[in-house]
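> Sharing a structure with you now.
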Amino acid sequence: MFHQIWAALLYLYGVILNSIYQCPEHSQLTTLGVDGKEFPEVHLGQWYFIAGAAPTKEELATFDPVDNIVFNIAVGSAPMQLNLRATIRTKDGLCVPRKWIYHLTEGSTDLRTEGRPDMKTELFSSSCPGGIMLNETGQGYQRFLLYNRSPHPPEKCVEEFKSLTSCLDSKAFLLTPRNQEACELSSN
């Protein structure tokens with residue numbers, strides 16, 4: 001009898017605690033514009049990678065050597081396509097250019113990376129001004145990435161991202177140092 005009462009009290013405590021400390025909801029952005037064929041213009045242009053979060057450190061290991069990353073998102077040459085260019089400044093000072101092509105998924109918030117059929121990217125709004133959050137999933141990994149229009153957003157933005165991703169089962173967190181000057185984005 002004592003064990004049943006104790007179990008009921010613990011259950012009740014858990015319900016109350018869960019109702020007090022619920023994770024905030026982030027509204028998903030749509031990747032499709034008004035006509036269903038374009039990425040919203042507000043998300044085009046230059047972005048800085050600020051932080052990442054994932055269930056394990058291994059899922060963020062690709063960012064360990066990074067000091068900062070600058071991305072540019074532009075409309076692609078084909079319908080429903082985005083061109084991404086990036087320059088990665090490594091901690092040892094090197095500039096590494098990268099290119100990707102994302103394909104918009106009509107009627108969905110998903111972006112698919114060309115050449116990586118297992119990878120799915122979802123976009124989410126951020127309460128931080130000039131911010132956006134991505135959820136990347138692929139074969140054996142899931143990670144959340146925080147981007148901002150500014151290379152140094154307010155600390156509150158990073159704390160909110162950390163809090164939200166912690167609620168979503170991310171135990172590992174990575175903040176890019178951004179100590180060095182960003183590399184210039186190549187034009188091609």
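> I need every pair where a residue in region 90-108 that is over 20 Å from Gln46 (Cα atoms) has its Cβ under 9 Å from the Cβ of a residue that is among the β-branched types (Val, Ile, Thr) and open to solvent by 60 Å² or more (accessible area, probe 1.4 Å), sequence separation at least 6 or different chains.
Hits for this filter: Ser108/Thr30.
> Can Gly140 be described as under 25 Å from Thr56 (Cβ atoms) and open to solvent by 40 Å² or more (accessible area, probe 1.4 Å)?
yes
> Now for a separate question. Looking at Phe173, Phe161, which one is in contact with a strand residue (DSSP E or B) (Cβ under 6 Å, 6 or more places away or on another chain), open to solvent by 20 Å² or more (accessible area, probe 1.4 Å) and either assigned to a strand (DSSP E or B) or farther than 18 Å from Ala74 by Cβ (or both)?
Checking each option against the conditions leaves just Phe173.
> Okay, moving on. Scan region 118-126 and tell me whether some residue there is surrounded by 14 or more Cβ atoms within 10 Å (Cβ to Cβ), acidic (Asp, Glu), touching a strand residue (DSSP E or B) at 6+ places or on another chain (Cβ under 6 Å) and closer than 24 Å to Arg178 by Cα.
No, every residue in region 118-126 fails to be surrounded by 14 or more Cβ atoms within 10 Å (Cβ to Cβ), acidic (Asp, Glu), touching a strand residue (DSSP E or B) at 6+ places or on another chain (Cβ under 6 Å) and closer than 24 Å to Arg178 by Cα.
> What number of residues within region 75-103 are assigned to a strand (DSSP E or B) and surrounded by 13 or more Cβ atoms within 10 Å (Cβ to Cβ)?
Final tally of qualifying residues: 18.
> What number of residues in region 118-128 are of a type outside the set (S, T, N, Q) and touching a helix residue (DSSP H, G or I) at 6+ places or on another chain (Cβ under 8 Å)?
Residues flagged as of a type outside the set (S, T, N, Q) and touching a helix residue (DSSP H, G or I) at 6+ places or on another chain (Cβ under 8 Å) within region 118-128 amount to 2.
The values are calculated or read from the model by the stated rules, or taken from the named source; none is laboratory data. Because the structure is predicted, anything quoted here is derived from the model rather than measured. Neighbour counts run over all protein chains shown; Cβ positions are idealised from the backbone, glycine included. Calculation scope for accessible area: heavy atoms of the full protein, side chains included, ligands and nucleic acids excluded. Shrake-Rupley method; radii C 1.70, N 1.55, O 1.52, S 1.80 Å.
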